[in-house]
1. I need a count of the residues in region 130-179 that are farther than 17 Å from Leu97 by Cβ, polar (S, T, N, Q) and under 18 Å from the mean Cα position of the chain (by Cα).
2. Return yes or no: is Ala107 surrounded by 17 or more Cβ atoms within 10 Å (Cβ to Cβ) and either over 24 Å from Leu188 (Cα atoms) or of a type in the set (Asp, Glu) (or both)?
3. Is it fair to say Ile83 is modelled with pLDDT under 90 and part of a helix (DSSP H, G or I)?
4. May I ask you to say which residue of Ser172, Ser125 is in the same structural domain as Cys216 (by TED's automatic domain parsing) and within 26 Å of Cys216 (Cα to Cα)?
5. Being among the hydroxyl-bearing types (Ser, Thr, Tyr) and more than 12 Å from the chain's Cα centre (by Cα) is the filter; apply it to region 75-104 and report the residue that is surrounded by the most Cβ atoms within 10 Å (Cβ to Cβ).
6. Considering Val263, Val206, Val238, which residue is part of a strand (DSSP E or B) and either modelled with pLDDT of 90 or more or touching a strand residue (DSSP E or B) at 6+ places or on another chain (Cβ under 6 Å) (or both)?
7. Would it be correct to say that Gly113 is over 17 Å from the mean Cα position of the chain (by Cα), exposed (fewer than 14 other Cβ atoms within 10 Å of the Cβ) and either of a type outside the set (A, V, I, L, M) or farther than 15 Å from Val165 by Cβ (or both)?
8. Being surrounded by fewer than 21 Cβ atoms within 10 Å (Cβ to Cβ), at pLDDT below 95 and closer than 29 Å to Glu109 by Cα is the requirement here; does Arg227 meet it?
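The values are calculated or read from the model by the stated rules, or taken from the named source; none is laboratory data. Since the model is a prediction, treat every value here as computed from it, not as a measurement. Cβ coordinates were reconstructed from backbone atoms using ideal geometry, including for glycine residues, and neighbour counts include every protein chain displayed.
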Amino acid sequence: MTTQEMNDEDLIAELSRRLNEKNASIKETEFLTKKLLALNEKTKESEAIKDRFMSIVKNSFSNPIKPLLELADSLTSKSGGEIAAIADKINIELLRLDFELTNIFAATEIEEGKINNAYSSINFSDIFQKAHNALRYLIKEKKLAVLLSACEDSGFVADERKIYVILINLLSNACEFSYFESNVIVELKKLENDFLISVTDFGEGVHVQYAAQAYCRFAQFSGGKTRSRQGLGLGLSVARGFCEAMDGAIDFESKEGQTIFRVKFPIANKSGASDPNRGDLFDDFKKNAVEL
């Protein structure tokens, strides 16, 4: 029946039916919108609870670990014989735990996209010494010589925590896969608009079949003869995540007997801003980057 053929009563009934359908649709939309808003609020609450939980966990683990490390150091230096040996073992396990927890928390930040930078003036030599000290037992165990070659001015503006986490992971990786009684060389170079950090080890190298997995989380390469212990496999993924957070790039080249990891990031001011006209200075990295 066309509109012309409908009488007034039929037309009013049809309009009423359509109006009722529209009102029902509006009510359903309002109900779904309210439900969505409620779910969104619950999600926000859940995120806030998770953030608070992670903050509590970080403090709960970091607060006791630091004094325990200091106590173990004190026992090692002031005691002798069996007590010093026990203190040494305690220190080793605490340092390993602190290292793994640092990577777990860093990986969580990267996963959640909550990796804001805190730029300040830092001294790379100091950061190197801190990382070297944290890995001293592994260095001693493999009788390695870990050497720093830095430019005259080893100070620059960056996120100190991120630089430390990147360096300790690359340094730990280098020590793990170095040949016994070999060298590990850390270099800092200042380029025109960037800083370049490289970590070179002399070991078996990264085998071709593992290259594409190098930055994958939980990837562990235990087939080699140089690795002294197992970790969680988070180090390189965390290093790449923190590097990219500072607008940097990371790559590596490896061959039998040598592996070099390089990290390059722009010179920045204390606000974190880099030279907007510096161009893309990571072309050489991109050409050699492993496709994941």
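1. Within region 130-179, residues that are farther than 17 Å from Leu97 by Cβ, polar (S, T, N, Q) and under 18 Å from the mean Cα position of the chain (by Cα) number 1.
2. Working: surrounded by 17 or more Cβ atoms within 10 Å (Cβ to Cβ): yes; either over 24 Å from Leu188 (Cα atoms) or of a type in the set (Asp, Glu) (or both): yes.
When the stated conditions are applied, Ala107 passes them.
3. Details: modelled with pLDDT under 90: yes; part of a helix (DSSP H, G or I): yes.
Yes: the conditions hold for Ile83.
4. On the way: Ser125 fails: within 26 Å of Cys216 (Cα to Cα).
From the options Ser172, Ser125, the qualifying one is Ser172.
5. Step one: of region 75-104, the residues among the hydroxyl-bearing types (Ser, Thr, Tyr) are 76-77, 79, 102.
Now drop any that are not more than 12 Å from the chain's Cα centre (by Cα), which leaves 76-77, 79.
Working: Thr76: 18, Ser77: 10, Ser79: 14.
The qualifying residue surrounded by the most Cβ atoms within 10 Å (Cβ to Cβ) is Thr76.
6. On the way: Val206 fails: part of a strand (DSSP E or B); Val238 fails: part of a strand (DSSP E or B).
After applying the criteria, what remains is Val263.
7. Details: over 17 Å from the mean Cα position of the chain (by Cα): no; exposed (fewer than 14 other Cβ atoms within 10 Å of the Cβ): yes; either of a type outside the set (A, V, I, L, M) or farther than 15 Å from Val165 by Cβ (or both): yes.
No.
8. Values: surrounded by fewer than 21 Cβ atoms within 10 Å (Cβ to Cβ): yes; at pLDDT below 95: yes; closer than 29 Å to Glu109 by Cα: yes.
It is true that Arg227 is surrounded by fewer than 21 Cβ atoms within 10 Å (Cβ to Cβ), at pLDDT below 95 and closer than 29 Å to Glu109 by Cα.
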